[in-house]
Amino acid sequence: MTNPFFEPSPLPYALPPFERISDDDYLPAFEAGFAEQLAEIEAIASDPAQATFENTVVPLQRSGQILSRVEHVFFNKSSSDSNDATNALELELAPRLAAHADTIRLDPRLSGRVAAVYEQLGTAATEHLTPEEVYLVERLHDEFSRAGAGLGDDAKRRLRELNGALSTLTTRFEKNLLADTNELAVVVDDVAELDGLGEGEIAGLAQAAAERGLDGKFLISLVLFTGHPLLASLTNRPLRERLLAASMARGTHGGEFDNRAVLLEIVRLRAERAALLGFESHAAYVTAGQTAGSPEAVHDLLARLAAPAARNARAEWADLQRLADADPAFPDGADVAAHDWAYYTEKVRAEK
């Protein structure tokens, strides 16, 4: 059968034909996608005609259709329903995708054509463009510049190395986080500890435990953000504390999924890349392409928000503490802690 990614999906809204997609389809589709887009980029870059919006920007935006289709499905699948095969493939693809992007963004012929269209803005050659199309040209020019299009050959070579290493490290960080999230799921022995949950929720936790060979127990899987939905319902304070502690321990408690060394290396390489591209820091590099424009602008906004946010938090905490003190199950003289916050927030909401 034809690889399902080689042609546009016939389904409504071009939804992926999942019934035809297997793990064996991904790598051939990526290989074909790389080849297809590089051929399209070569046609744009080698066009002898003067660069225009129509012969440069439009085909650039339309290039890489196979790659786009397979990326959307693969990375959604690998982040939500991964297995050993997709995990291994993602680690293999990370540096290749980075190298592919660099091949496009660091091609001096292509960046030169984008720059030529950018220089035409405000002239008769581009007066037919809509405001959205003008913004697209400006955005592309900025992206190529920030990607290192103006660097010399040696600097571009080092930039490729940094981007490849960072893509691999970032993927490893994400996989470690996902694996540790699964590893640190909280096991509960006694159903009485699950007081506050509904019958359906408890049955789901029992099924999750059984799927891991923990018959007769209950398994609370962690979610990818630090908090947990069940913190708002569980009446058992020690279990709430265990659940939040497990969430906060991910990637920092030793073992094969510890992310601390990976994170430090990411920070080091990001700093080197930022300096190579002419920025004072990675934060400066990132914000230069965003609305804020600079780390200083972000800091100024957060500094103005911090004091009123802290005041609001203290007022909320006082409300929570009031209800906690009135709760016979809450330890006398104890302060509302992070693992109590969601639980007593629900009580405040019900009261008000």
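The values are calculated or read from the model by the stated rules, or taken from the named source; none is laboratory data. The shown structure was predicted, so the numbers you read here are calculated from the model rather than taken from an experiment. Cβ: placed from backbone, ideal geometry, glycine included. Neighbour counts: every protein chain shown.
Here are a few things to note about the model shown:
- Among the residues listed as Gly122, Gly148, Gly200, Gly112, the single one being on the phi > 0 side of the Ramachandran plot and either without any contact (Cβ under 8 Å) to a residue 12 or more places away in the chain or surrounded by fewer than 18 Cβ atoms within 10 Å (Cβ to Cβ) (or both): Gly122
- Yes/no for Arg146 being farther than 26 Å from Ser79 by Cα, at pLDDT below 95 and not aliphatic (A, V, I, L, M): yes
- Within the range 279-352, helices (runs of 4 or more DSSP H) holding 2 or more residues that are among the basic types (Lys, Arg): 295-325, 338-351
- Test: residue in the range 278-299 that is loosely packed, with under 11 Cβ neighbours inside 10 Å, at pLDDT below 95 and among the β-branched types (Val, Ile, Thr): yes
- Single residue of the range 23-55 satisfying the filter (polar (S, T, N, Q) and surrounded by 12 or more Cβ atoms within 10 Å (Cβ to Cβ)) that is farthest from Ile66 (Cα to Cα): Gln50
- Those helices (runs of 4 or more DSSP H) lying entirely in the range 1-114 with at least 1 residues hydroxyl-bearing (Ser, Thr, Tyr): 23-45, 65-80, 84-105
- 1 or more residues more than 30 Å from Pro95 (Cβ to Cβ) and not small (Gly, Ala, Ser): qualifying helices (runs of 4 or more DSSP H) within the range 116-216: 131-146, 199-211
- Of all residues in the range 56-81 being surrounded by 16 or more Cβ atoms within 10 Å (Cβ to Cβ) and at pLDDT below 95, the one that is farthest from Ala98 (Cα to Cα): Lys77
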